[in-house]
């Protein structure tokens, strides 16, 4: 379980890098530039390691295309567009729906149901977000604004649903025998091309980068932490834990984000942060105990898979 905590500690750091990177370039161009480089590195390494397995089978290309659309293109383009208008607080609230989306998709796609203990863990985790969220909100007018849904919030919710659904597609491809690097490499490369095409249509190619060297520094930090470390680590953990559990564990991300904001951005570290972390830890523990019991019931069907 410690690897799951490390996973979201890494993910939280990428928000700082992304916030800096987007200040030096247009959003869709940034996504396209970043994904093409990351995808080239991951997909290219597959050709270097084993050329015979570096190209998908013809009958699986459509599944790769769907993975590209939901895993990279829609998830990132819609999210970055909506973040121009949605506050960080409301973004956190919308992302808190991820475990419910994963559970709902698991029910319809995989016929999985949440046990009472898992459901209790999810509810405690949701409750754990409240101290941190309420600490950031002040005044009845702001509180009312938090629950008002507009076009950007709706678009962000579509991005969250897309990103959650994409992991079911990734899991399906892995069951077909494709490696993590190949799946992510192809999806990132193709998604990057689609994002650049979107940038050309809606943003134009006139001065897409404001300051080249700072832009490159933050982009490569994003590529290393998010595209290479996080995505491959998530894919590996997907072989050991359910999508619902990994999605639920994302409640740790706002806690780490608050910690990083205190350490690096001059933010304040209030008691509400520790209250949230404690409640989320309890919820994760309950969920994890039931997850562990379910895995043991599979009689060793889940085996460790090495990084590639």
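The values are calculated or read from the model by the stated rules, or taken from the named source; none is laboratory data. Predicted model only: the values in this text are computed from it and were never measured. As a convention, Cβ positions derive from the backbone with ideal geometry for all residues, glycine included, and neighbour counts pool all protein chains shown.
Failed condition for residue 204, given (1) within 19 Å of the chain's Cα centre (by Cα); (2) not in a helix (DSSP H, G or I), with all others met?
Condition not satisfied by residue 204: (1).
Step by step: first the residues of the stretch 69-107, then only those that are modelled with pLDDT of 80 or more and more than 14 Å from the chain's Cα centre (by Cα), then the one that is surrounded by the most Cβ atoms within 10 Å (Cβ to Cβ). Which residue is that?
82
Can you find a residue in the stretch 182-203 that is closer than 24 Å to residue 247 by Cβ and modelled with pLDDT under 80?
no
I'm trying to understand the selection: among the residues of the stretch 293-308, which are surrounded by 13 or more Cβ atoms within 10 Å (Cβ to Cβ) and modelled with pLDDT of 65 or more?
294
In this structure, does residue 196 turn out to be surrounded by 17 or more Cβ atoms within 10 Å (Cβ to Cβ) and within 18 Å of the chain's Cα centre (by Cα)?
No: the conditions fail for residue 196.
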